[in-house]
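Before any comments, here is the structure.
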Amino acid sequence: MSSRMLPCHMTFIPRPSDILHLQSKSLQRNCTRLSKSLSHLPGLYTRASVDYSGQISVANVKPTRGSIRLLEHLNINIQSLEIGRAFYIEALGCKADPRVQEMMEVNSNDPNSNLLWANIGLQQFHLPVGAAEHPQQVLRGVIGLVYPDIDELKTRLLNAEDGLAHTRFSWSEDEESEDNGHHETPAPRSLHITCPYGNRFHAQEQPQGHWLTTSPDHRNDPSDASLPGLPGGRSLGLGLQYVRFDAPLGSANLIAAFYQHYLDIPARCIVDVDGVGRKAVIEVNGHQNIEFVEVADVADYDGHHLALYISNFEDAYERCAKDELVYNNPRFPHLVYDTLETALELSEFRTLHIVNPLQPSEIVYTLEHEVRNLDHTGYVHYREAVALDE
């Protein structure tokens, strides 16, 4: 389906060359009304202005990087280590992170210590095994992955079919093409994949030079298990490109506002030209997105979470703490973030609810966020791997 992006609040950030027209007067009024109501909040970015002629001018508008640096991992419970390895390691071509063994030895009394870390590029899947509550979690949406060679992935998926035949595992080729506005050109080759427990993946082929991988000094030996940020060796996939969550109708504006107000992360809200499919897009680092697509039916939340790194850690903590959004997950009793000092010591804090910044008691969406500081050991590995200087 061909689509165009239309503004649905003041933080809409289309391509700088675009000047797009509102198709609906009611949508225009809603955008203007929300823009005025949110404009006083600290940390919000006004990147475009809606006028009453029905146009939005985006001349000389440039994206702001904001505080976010990396979407690092997704945490999804699995019921079987054997099935987890068969899918994530053998089928998807991830690499098992050897640091997990050290963690299990240190936390031998922790019932949640049996887990698999599956590395894909510089990102990870954290896969706890045998959790008492929600032993097999299904993320409410789609996980986007990037691969340099779809054919090699197809071979792995074919080889995995017999071993996973008794599960929900399936895959198919995406034969669609995309319209760039002038002529139809083939979309990048991609596959739709469903994991043994029902999680949905979209794997897209992308040349390695167009994806954030390791620095040139670290690309010579794919088998080198000592590569910074890539313990266990080089994975088949290049990385985690996006996570696209199902969200309730009417929630996209407020979700985008939450990320901007509390975490200082650039966000925008877009809608298809036919007026359906509105979504909030949280821009990570030029390579990754977190998206929330409005749908009519959203499954119940089962506790899966994501982890990201931000640069304005202290400000974000204080804003979240002020509105009582900091969350201590009882699953991790040794991780308590009751004060800024303890959060800084741990280099992380958590939130559970996405709320309306104008009325923090109003819960818009539930999704646990593990928010990490840039001095966290995970980001140090990442920075070394991509030779960042910041």
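The values are calculated or read from the model by the stated rules, or taken from the named source; none is laboratory data. The shown structure was predicted, so the numbers you read here are calculated from the model rather than taken from an experiment. A quick note on method: Cβ atoms are made from the backbone with ideal geometry, for glycine too, and the neighbour counts reach across all protein chains shown. When the accessible area is computed, the model is the full protein with side chains, heavy atoms only, and any ligands, DNA or RNA have been set aside. Shrake-Rupley method; radii C 1.70, N 1.55, O 1.52, S 1.80 Å.
Numbers for the structure displayed
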quantity	calculated
Output for segment 273-302, where each listed residue is in contact with a strand residue (DSSP E or B) (Cβ under 7 Å, 6 or more places away or on another chain), closer than 24 Å to Gln137 by Cβ and not aliphatic (A, V, I, L, M)	Lys279, Gln288, Asn289, Glu291, Phe292, Glu294, Tyr301
Condition met for Thr366 (open to solvent by less than 40 Å² (accessible area, probe 1.4 Å) and of a type in the set (S, T, N, Q))	yes
Subset tally (residues that are within 26 Å of Ile290 (Cα to Cα) and either at pLDDT below 95 or open to solvent by 10 Å² or more (accessible area, probe 1.4 Å) (or both)) for segment 86-99	4
Selection count, segment 185-235, where residues are farther than 19 Å from Ser170 by Cα and modelled with pLDDT of 80 or more	7
Failed item in (1) in a loop (DSSP other than H, G, I, E, B); (2) open to solvent by less than 40 Å² (accessible area, probe 1.4 Å); (3) at pLDDT 95 or above, with Ser113 passing the rest	(3)
Count of segment 295-337 residues which are in contact with a Ser or Thr (Cβ under 8 Å, 6 or more places away or on another chain), open to solvent by 10 Å² or more (accessible area, probe 1.4 Å) and within 24 Å of Phe125 (Cβ to Cβ)	2
The one condition in (1) out of contact with any Asp or Glu (no Cβ under 6 Å at 6 or more places or on another chain); (2) at pLDDT 95 or above that Gly286 fails to fulfil	(2)
Contacts under 6 angstrom Cβ, first residue in segment 160-171 being modelled with pLDDT of 95 or more, partner among the β-branched types (Val, Ile, Thr), 6 or more apart	Arg168/Thr194; Ser170/Thr194; Trp171/Ile193
Filtered residue count, segment 65-82, keeping only those that are open to solvent by 20 Å² or more (accessible area, probe 1.4 Å) and of a type in the set (S, T, N, Q)	2
Matching residues, segment 339-387, being more than 16 Å from Asn328 (Cβ to Cβ), in contact with a Ser or Thr (Cβ under 9 Å, 6 or more places away or on another chain) and aliphatic (A, V, I, L, M)	Ile354, Val355, Leu358, Val364, Leu367, Leu374, Ala385, Val386, Ala387
Test set (1) within 20 Å of the chain's Cα centre (by Cα); (2) at pLDDT below 95 - Tyr365 fails condition number	(2)
Count - residues of segment 125-163 that are β-branched (Val, Ile, Thr), in a strand (DSSP E or B) and open to solvent by less than 10 Å² (accessible area, probe 1.4 Å)	2
